[in-house]
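*Asks:* Before I ask anything, let me first share the structure, which is written out below as structure tokens.
What follows is calculated from the coordinates using simple rules that are stated; it is not laboratory data. Keep in mind the model is a prediction, meaning the values are calculated, not measured. Ideal geometry is used to build each Cβ from the backbone, glycine not excepted, and the neighbour counts take in all protein chains shown.
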Amino acid sequence: MPDDVSVIICGYTEDRWDDLLAAVDSALKQSLPPLEVLVVVDHNPRLLTRLRARLVGTEPVQVIANSHARGLSGGRNTGVAAARGGIVAFLDDDAVAERDWLRWFADGFADPEVMGVGGLTLPVWDSGRRPGWYPQEFDWVHGATYRGMPTGRARVRNVLGGNASFRRGVFESVGGFSAGIGRGADAGGDGRPVRPLGGEETELCIRIHQERPGSVFLFDDRSVIHHRVPIERQRFGYFRTRCWAEGLSKAQVAGRVGAGDGLSSERYYASRTLPAGILRGLAETLRGDVAGLARAAAITSGGLITAVGYVLGSWQLRANSDRGNHR
């Protein structure tokens, strides 16, 4: 069983200073100690200087600058290039890992066909509790494990990037996270993402499947992290924006790896998970939980917004391709 694990935490803003330090601290307190903790700063010299001063002498932590294009993909690729462990684990900068997080990740790699292992991400609501209208089917909006995902240890098409691990060697054979996809790829001059895009880890996992048939990805709900959900991400406005961005992201992923592989899990989610969630919300309303109707409405609107975003994103990709072919 591989046990040399490099933990990579990507940060871009001082607004998450306390969260980022808590993430680093949780990585250092693992029952399976990491070989190193690499904190990658995304084109923010002030944050880079401040972190290096704060973490100087903290072993085995290294603070490094993103040497690639701005965005989460570039930061992760920088971390992978610097990592020495046989396994690289990714932890969001606003999440805290439980003590056995790395141990269960490493355990999954005992099978040589396993290329990646993802874990259970639980939301921590800044308001103190889940908003009544917020359906668990859409917990992916804030980076958490959502209803419809498997339980226990199970095979999955792809892992979720904020709580994931990969064999480092796979990056050498298939390449890293794709630039131009994912969070921060369209960041403005201040480094803040214009739209909350995603999908870079999905594209990577599918590309690994395509280039290395027989590759296995696992979900293991014993590898647990707790992911903060700030107040602004508990509002319907963010929910709507994130669903729209997800549709655009899915179009980019499908455009790169093909719709067959790029939408295989999404078809099941849209045809089974979402209708079941709507019926559940309506049934809960009939039993006296008036928020059930709001959850059913949120599932309906979220699904429609994501679908329209996908259609528009696909159309834009085709239009850009046609323009390129006619030059």
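*Asks:* In which sequence would Thr151, Thr202 go, from the one with the fewest C-beta neighbours within 10 Å to the one with the most?
*Replies:* Least to most surrounded, the residues fall as Thr151, Thr202.
*Asks:* Here is a further query. To one decimal place, what Kirkwood hydrodynamic radius in Å is obtained for the range 19-126 from all pairs of distinct Cα atoms?
*Replies:* In the range 19-126 this quantity evaluates to 14.8 Å.
*Asks:* Over the range 32-159, what is the mean sequence separation of C-alpha contacts under 8 Å (at least six apart), divided by residue count, expressed as relative contact order in percent?
*Replies:* Worked out over the range 32-159, it gives 18 percent.
*Asks:* Ranking Ser265, Ser127 by Cβ neighbours within 10 Å, fewest first, what do you get?
*Replies:* Ser127, Ser265
*Asks:* Which one, Ala164, Ala69, Ala89, has the greatest fluctuation when you compute a Gaussian network model over the chain with C-alpha springs under 10 angstrom?
*Replies:* Ala69
*Asks:* With each pseudo-label sitting 7 Å past Cα toward Cβ, what's the Arg318-Thr285 distance in nm, one decimal?
*Replies:* My value for the distance between the label points is 3.5 nm.
*Asks:* Using only helices, what value at 222 nm comes out for the chain when you add -39,500 (n - 2.57) per DSSP H run of length 4 or more and divide by the total residues, to the nearest 500 deg cm²/dmol?
*Replies:* Dividing the helical sum by the residues of the chain leaves -13500 deg cm²/dmol.
*Asks:* On to the next question. For the residues Ser6, Ser178, what sequence is obtained by ranking on other C-beta atoms within 10 Å, fewest first?
*Replies:* Placing the least packed residue first, the sequence is Ser178, Ser6.
*Asks:* Okay, next question. Farthest toward the dipole's positive end in the chain, which of Gln210, Phe138, Ser73, given Cβ charges of +1 (Lys, Arg) and -1 (Asp, Glu) about the Cα centre?
*Replies:* Towards the positive end, the residue furthest out is Phe138.
*Asks:* While we're here: Given H placed on each backbone N at 1.01 Å, which residues far from Ile8 in sequence or on other chains put an amide H within less than 5 Å of it?
*Replies:* Distant-sequence amide H within range of Ile8: Leu38, Ala89, Phe90, Leu91.
*Asks:* Per-residue HN-Hα couplings for the range 151-162, Karplus 6.51 cos²θ - 1.76 cosθ + 1.60 at θ = phi - 60°, whole Hz, x for Gly and Pro?
*Replies:* Whole-Hz 3J(HN,Hα) from phi for the range 151-162: 10, x, 10, 8, 6, 9, 5, 8, 9, 8, x, x.
*Asks:* Continuing with this model, one more query. Rule-of-thumb check for the chain: C-alpha Rg over 2.2 N^0.38 Å?
*Replies:* 0.98
*Asks:* Roughly how many debye, to the nearest 20, is the charge dipole of the range 5-235 about its Cα centre, given +1 on each Lys and Arg Cβ, -1 on each Asp and Glu Cβ, and no other charges?
*Replies:* About 60 debye.
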